[in-house]
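Remarks on the structure that follows.
The values are calculated or read from the model by the stated rules, or taken from the named source; none is laboratory data. All figures in this text were calculated on a predicted structure; none of them were measured in a lab. Because the Cβ atoms are built from the backbone with ideal geometry, glycine has one as well, and the counts that use them run over all protein chains shown.
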Amino acid sequence: MRSLSLLSVAAGLLLSAVIAAPARHHDYDQDENDDCITPDPLPCTDPESPSYCVGTNGNDTLMDTYICGDWRLGPIKLPTDITLDALVEIYDRFGGACPGEFLATWYNDTADSYMYPEEDGFLLTINGSRIEGVIELPEGTLIDRFGSEYGSYASPAAAPYMQRALPPSNLATPADDPRYPYNYHIYRVAKAFTVLSGPIAPWFGQPGHGVQYKLNDNIMTLLDGGYLGTVDLSALDDPEEPN
């Protein structure tokens, strides 16, 4: 009976402590005339938050051009034209991270460059082997690229940006060549040639799993050699009406 009594006392004390325990404090904002309590917005979801750009390297003269004035984070405005809008329609450029967290994860300050995946960016098997194969791109095939014409990677035309697993900086229009908004180039194969093709590994907070073509030469060389021809973007924006 004594044990039962002690248990009853202990239970009573515990219940009293729970009832008397103060509620945890939350950083809530409440208007004096509003009964609804709402939490402060997360800094990653509110570009106006003072902490939104912590960890970035902004340039005051570029605040209207790039996120946080930092070219590495890409342009503030994403494409809205017919050709490119669908490519970034559900693109989350930081993969849910804050801008500074994104850079800390994916950017090498010492090398002053983004860190790209190993194995040329191809998706790997569970054994660590890259999934790839040599294919021929036949004449008339459309391929495209977000990036300079000195690069040697491309994708099937109109693949969503998030499937390409590229950094947001690849969307920046080149200051020295505004003919290509958002650094987007599209080409038509003029002479068949072979490429190394395979699925893209997730990277830069993006799901990847699109298809990439690793070219034997850079785009400029293939243009000069007559293997590729440039496609006019305006022709894609204003397709001819079918008869």
ask   = With respect to the numbered conditions (1) outside any loop (DSSP other than H, G, I, E, B); (2) modelled with pLDDT under 50, which one is the sole condition not fulfilled by residue 102?
value = (2)
query = residue 144 fails exactly one of the following numbered conditions: (1) over 23 Å from residue 214 (Cα atoms); (2) in contact with a Ser or Thr (Cβ under 8 Å, 6 or more places away or on another chain). What is the number of that condition?
reply = (1)
task = Look through the range 140-157, keep the residues that are aliphatic (A, V, I, L, M) and surrounded by fewer than 18 Cβ atoms within 10 Å (Cβ to Cβ), and return whichever of them is nearest to the chain's Cα centre (by Cα).
result = 157
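If you check residue 166 against the conditions, is it over 16 Å from residue 220 (Cβ atoms), of a type in the set (A, V, I, L, M) and crowded, with 21+ Cβ neighbours inside 10 Å?
On the way: over 16 Å from residue 220 (Cβ atoms): yes; of a type in the set (A, V, I, L, M): yes; crowded, with 21+ Cβ neighbours inside 10 Å: yes.
Answer is yes for this residue.
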ask   = Which residues, taken from the range 60-78, are outside any helix (DSSP H, G or I) and surrounded by 13 or more Cβ atoms within 10 Å (Cβ to Cβ)?
value = 63, 65, 66, 70, 74, 75, 76, 78
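I'm trying to understand the selection: among the residues of the range 199-209, which are of a type outside the set (Phe, Trp, Tyr) and buried (at least 19 other Cβ atoms within 10 Å of the Cβ)?
200, 201, 205, 206, 208 - these are the residues of the range 199-209 that are of a type outside the set (Phe, Trp, Tyr) and buried (at least 19 other Cβ atoms within 10 Å of the Cβ).
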Residue that is modelled with the highest pLDDT [pool: residues in the range 79-99 that are of a type in the set (Asp, Glu) and outside any helix (DSSP H, G or I)] = 92
